[in-house]
Amino acid sequence: MKPVIKVGVFGALGRMGSEVVRAVEAASDTELVAGVDGPEERGKVLGADVVVDFTHPDVVMDNLRWLVANGIHAVVGTSGFDEAKLAELRGLLAENPGTRVLIAPNFGIAAVLMMNFAAKAAPYFESAEIIELHHPNKADAPSGTAHRTAELIGEARAGAGLAAPPDATTSEIPGARGAEVEGVRVHALRITGMIAHQEVVFGTHGETLTIRHDSMNRESFMPGVLLGVREVAGLPEPLTIGLEPILGL
Ligand SMILES: NC(=O)c1ccc[n+]([C@@H]2O[C@H](COP(=O)([O-])OP(=O)(O)OC[C@H]3O[C@@H](n4cnc5c(N)ncnc54)[C@H](O)[C@@H]3O)[C@@H](O)[C@H]2O)c1
Ligand SMILES: O=C(O)C1=N[C@H](C(=O)O)CCC1
């Protein structure tokens, strides 16, 4: 029988962290070492195999510096990573071989599929735009999921040799056409009553395709989080982005 995985949770009192605490306590192969909700409490997770981080884009790098220095694997849902942060993380991991970090822009399995389907569809359409819709307490815009989807679509469009999407706009109130990420327009809505949703809208002559994903509650992210907790120690690369390799996508 596999040994029980000892798990710590950073952001334990937050919307996602509190859900992770419940999921770790409920699963038969994981055990909660401690829930931590501020940097001063981090020492409580010493002894954990894995720490799950759902905190804030401004603090997650500091948490990761501490985890990697202490040789604790990390499963990260916190958004707001850019190339500079990822480069720093790769450097830290190179100095601490054996420690693994998994950062997933979205732990919803259906959300991962939505991103995968969007990347597959992208080469066939001259137009592609993303609309993400989230609860109004979200700190970052656009969402990490929308950012990653735009990167995937941008890569697929470049690979197919597509030109920039047609757009005759010459007069614009700033923001009306959304933010541009890797050549893809991204529109962020913050709506009371919503959790996490995204539409990817593709168009070509006489046909459009809309791929939509909806997270109805935060429990929906937990199968993906637990999958990450179970698999992170065995990942081949020190830093993995997204659940895709674990899901065989
Ligand atoms: N990847 C995914 O599937 C996914 C899903 C939902 C949310 N998110 C992301 O997760 C993050 C958290 O979202 P949320 O809605 O749970 O936010 P939240 O504000 O409800 O919770 C964050 C918690 O972290 C705590 N915190 C702040 N600094 C800390 C530190 N240094 N150490 C430990 N705890 C600290 C806060 O006190 C708070 O309780 C956001 O970046 C969000 O975009 C990702
Ligand atoms: O609620 C949030 O905040 C979410 N953040 C992630 C993102 O930025 O993509 C995933 C969906 C929920």
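The values are calculated or read from the model by the stated rules, or taken from the named source; none is laboratory data. Nothing here was measured: the structure is a model prediction, and the numbers come from that model. We place every Cβ from the backbone using ideal geometry, glycine too, and count neighbours over all the protein chains shown. To get the accessible areas, we keep the full protein, side chains included, count just its heavy atoms, and leave off ligands, DNA and RNA. Shrake-Rupley method; radii C 1.70, N 1.55, O 1.52, S 1.80 Å.
Of all residues being in contact with a strand residue (DSSP E or B) (Cβ under 7 Å, 6 or more places away or on another chain) and within 16 Å of ligand 2 (Cβ to nearest atom) in the range 222-239, which is nearest to Asp49 (Cα to Cα)? Just the residue, please.
The residue in question is Gly228.
Checking Asp82 against (1) within 16 Å of ligand 2 (Cβ to nearest atom); (2) closer than 22 Å to Ser215 by Cβ; (3) charged (D, E, K, R), only one condition comes out false. Which one?
(2)
Show the residue pairs that are 6+ apart or on different chains and have beta-carbon atoms under 8 Å apart, the first residue being within the range 156-182 and open to solvent by 70 Å² or more (accessible area, probe 1.4 Å), the second being small (Gly, Ala, Ser).
Ala164/Gly183; Pro166/Ser127; Glu182/Ala150; Glu182/Gly154
Identify the residue in the range 72-116 that is open to solvent by 10 Å² or more (accessible area, probe 1.4 Å), under 14 Å from the mean Cα position of the chain (by Cα) and among the small types (Gly, Ala, Ser) and, among all such residues, is farthest from ligand 1 (Cβ to nearest atom).
Selected residue: Ala110.
For the range 192-215, which residues satisfy the criterion of being within 12 Å of ligand 2 (Cβ to nearest atom) and part of a loop (DSSP other than H, G, I, E, B)?
Selection gives Met194, Ile195.
Go through the range 1-13 and give me each residue that's within 7 Å of ligand 1 (Cβ to nearest atom) and either among the aromatic types (Phe, Trp, Tyr) or over 16 Å from Glu40 (Cβ atoms) (or both).
Phe10
Checking the structure you have, find out if any residue of the range 117-130 is within 15 Å of ligand 1 (Cβ to nearest atom) and outside any loop (DSSP other than H, G, I, E, B).
Scanning the range 117-130 turns up no residue that is within 15 Å of ligand 1 (Cβ to nearest atom) and outside any loop (DSSP other than H, G, I, E, B).
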